[in-house]
Amino acid sequence: MKLGDVPILEANRRNKGISTFVVLGIFILIIFVISMNTGYIRLRPIDLLQTLLGQGTDKQSLILFDFRLPRIVISLLIGAGLAVSGCVMQGISRNALADPGILGINAGAGLMVMLFISFYPTTAAAPVFLLPVLALVGAGLTAVLIGSLSYSPRDGIVPTRLLLNGIAVAAGISAAMIVLTLRLDPEKFQFVATWQAGSIWGTNWKFVLSLLPWIVVLLPYVFYKAGVMNVLNLGEHTAKGLGAEVSKEQLKLLAAAVGLAASSVAVSGGIGFVGLIGPHLARRLVGPKHQWLLPGSALIGSLLVITADTLGRWILQPSEIPTGIVIAVIGAPYFLYLLMRNKR
């Protein structure tokens with residue numbers, strides 16, 4: 001390759017990235033419209049349009065604005081948050097199987113949320129905004145534990161050890177959560193069981209407002225650090241030679257990834273595999289440069305979660321399949337495929 005070909009390759013990569021983002025945006029918009037009309041009570045397209053314009057009945061406005069739209073917005077936000085969190089974890093650990101669910105981060109956040117639910121009512125207005133903070137505490141403590149178990153003085157964080165320790169810690173936390181469910185009353189037990197399956201339980205605008213600041217602050221920060229992540233992917237020694245403060249940047253990015261995962265889990269329940277599938281699909285579509293990979297992961301994660309939530313509400317009407325189960329049906333085989341490919 002000649003030196004003069006570099007600008008052409010960059011232009012082609014930019015055009016491909018923009019085209020991919022446009023296509024993903026169109027798919028998200030289509031599923032968004034379909035999701036607004038998916039549920040036990042259907043709204044005709046004309047009724048949907050009239051309700052959006054403020055001309056629908058009180059019943060139609062209640063269904064659309066108080067039940068469906070908050071859930072759809074939360075689906076988009078948590079999809080972006082979980083996918084970008086997984087992309088960051090894969091980048092700083094250089095482990096293609098890293099994911100906040102597989103590494104136990106989601107389990108740590110879920111444990112703290114479950115403790116909160118066990119002792120306090122979930123319908124109070126003020127504690128709703130505490131849920132992401134409590135989830136962040138649980139996820140942060142879990143990340144510190146897994147990181148310390150996976151750290152080697154000579155090699156830093158060992159990717160293989162990180163994955164195995166994450167799976168082990170997640171299994172231990174899941175066992176602790178099962179024990180905690182024994183003290184719950186029937187109503188809370190039913191709620192916790194649904195939450196663990198990955199049901200998007202925060203379906204009103206209070207939960208949207210509790211999640212939105214975390215996504216709005218942390219996503220732009222991670223996008224801003226895309227160049228740093230490109231350098232970190234070159235390896236620790238090369239990154240240090242280029243002037244990067246490797247340990248400090250890894251810590252900052254890990255904190256942002258944990259914050260994204262924890263705040264998403266606080267209102268989405270135990271949804272897994274989004275942080276695994278999103279970055280992998282984005283890498284195939286837009287390449288490994290994080291300037292394109294991070295926003296691509298966010299769009300694919302949003303598309304994946306809103307599609308899974310829509311399917312979960314449509315397949316067994318009037319009953320619902322939790323979003324986490326729908327994603328697990330897709331994610332578990334994909335995870336096994338990645339394991340087999342890495343083995344080869």
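The values are calculated or read from the model by the stated rules, or taken from the named source; none is laboratory data. These figures come from a predicted structure and were not determined experimentally. Because the Cβ atoms are built from the backbone with ideal geometry, glycine has one as well, and the counts that use them run over all protein chains shown.
Scan the range 209-246 for residues that are assigned to a helix (DSSP H, G or I), in contact (Cβ under 8 Å) with a residue 60 or more places away in the chain and of a type in the set (S, T, N, Q) and jot them down. 210, 230, listed by residue number.
Just wondering, is there one or more residues in the range 123-137 that are small (Gly, Ala, Ser), out of contact with any helix residue (DSSP H, G or I) (no Cβ under 7 Å at 6 or more places or on another chain), at pLDDT below 85 and assigned to a helix (DSSP H, G or I)? Show your work before the answer.
Pass one, the range 123-137, residues small (Gly, Ala, Ser): 124-126, 135.
Subsequent filtering for residues that are out of contact with any helix residue (DSSP H, G or I) (no Cβ under 7 Å at 6 or more places or on another chain) retains 124, 126.
Remaining after also requiring at pLDDT below 85: 124, 126.
Adding the requirement that they be assigned to a helix (DSSP H, G or I) leaves 126.
Yes, the range 123-137 contains at least one residue that is small (Gly, Ala, Ser), out of contact with any helix residue (DSSP H, G or I) (no Cβ under 7 Å at 6 or more places or on another chain), at pLDDT below 85 and assigned to a helix (DSSP H, G or I).
Pairing each residue of the range 112-124 that is over 16 Å from residue 190 (Cβ atoms) and of a type in the set (A, V, I, L, M, F, W, C) with any residue that is modelled with pLDDT under 75 and surrounded by fewer than 19 Cβ atoms within 10 Å (Cβ to Cβ), provided the two are 6+ apart or on different chains, yields C-beta distances under 9 Å for 116/122; 116/127. Determine whether residue 246 is within 15 Å of residue 103 (Cβ to Cβ) and either at pLDDT 90 or above or surrounded by 15 or more Cβ atoms within 10 Å (Cβ to Cβ) (or both). It is false that residue 246 is within 15 Å of residue 103 (Cβ to Cβ) and either at pLDDT 90 or above or surrounded by 15 or more Cβ atoms within 10 Å (Cβ to Cβ) (or both). Among the residues of the range 250-267, is there at least one that is crowded, with 16+ Cβ neighbours inside 10 Å and not in a helix (DSSP H, G or I)? No - not one qualifying residue is present in the range 250-267. Within the range 273-321, if we keep just the residues that are β-branched (Val, Ile, Thr) and assigned to a helix (DSSP H, G or I), the residue that is nearest to residue 101 (Cα to Cα) turns out to be 274. In the range 303-319, the residue that is surrounded by the fewest Cβ atoms within 10 Å (Cβ to Cβ) out of those that are of a type in the set (Gly, Ala, Ser) and more than 18 Å from residue 281 (Cα to Cα) is 319. Would you confirm whether or not the range 157-168 contains a residue that is modelled with pLDDT of 85 or more, in a helix (DSSP H, G or I), surrounded by 14 or more Cβ atoms within 10 Å (Cβ to Cβ) and among the aliphatic types (A, V, I, L, M)? Within the range 157-168, one or more residues are modelled with pLDDT of 85 or more, in a helix (DSSP H, G or I), surrounded by 14 or more Cβ atoms within 10 Å (Cβ to Cβ) and among the aliphatic types (A, V, I, L, M).
Listed here are the residues, each with its yes/no results for (1) out of contact with any Ser or Thr (no Cβ under 7 Å at 6 or more places or on another chain); (2) in contact (Cβ under 8 Å) with a residue 12 or more places away in the chain; (3) surrounded by fewer than 15 Cβ atoms within 10 Å (Cβ to Cβ); (4) aromatic (Phe, Trp, Tyr).
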residue: 285; (1), (2), (3), (4): no, yes, no, no
residue: 296; (1), (2), (3), (4): no, yes, no, no
residue: 301; (1), (2), (3), (4): yes, yes, no, no
residue: 321; (1), (2), (3), (4): yes, no, no, no
residue: 335; (1), (2), (3), (4): yes, yes, no, yes
residue: 340; (1), (2), (3), (4): yes, no, yes, no
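Tell me, yes or no, whether the range 51-63 has at least one residue that is outside any helix (DSSP H, G or I) and in contact (Cβ under 8 Å) with a residue 40 or more places away in the chain. No: zero hits. Of the set (1) exposed (fewer than 12 other Cβ atoms within 10 Å of the Cβ); (2) over 21 Å from residue 293 (Cβ atoms), all apply to residue 75 but (1).
Can you give me the number of residues within the range 30-50 that are modelled with pLDDT under 80 and either in a helix (DSSP H, G or I) or closer than 24 Å to residue 302 by Cα (or both)?
Pass one, the range 30-50, residues modelled with pLDDT under 80: 39-45, 47.
Then keep just the ones that are either in a helix (DSSP H, G or I) or closer than 24 Å to residue 302 by Cα (or both); that gives 39-40, 42-43, 45, 47.
Qualifying residue count for the region: 6.
Residue count for the range 95-119 satisfying the condition of being out of contact with any Pro (no Cβ under 6 Å at 6 or more places or on another chain), surrounded by fewer than 24 Cβ atoms within 10 Å (Cβ to Cβ) and not aliphatic (A, V, I, L, M): 3.
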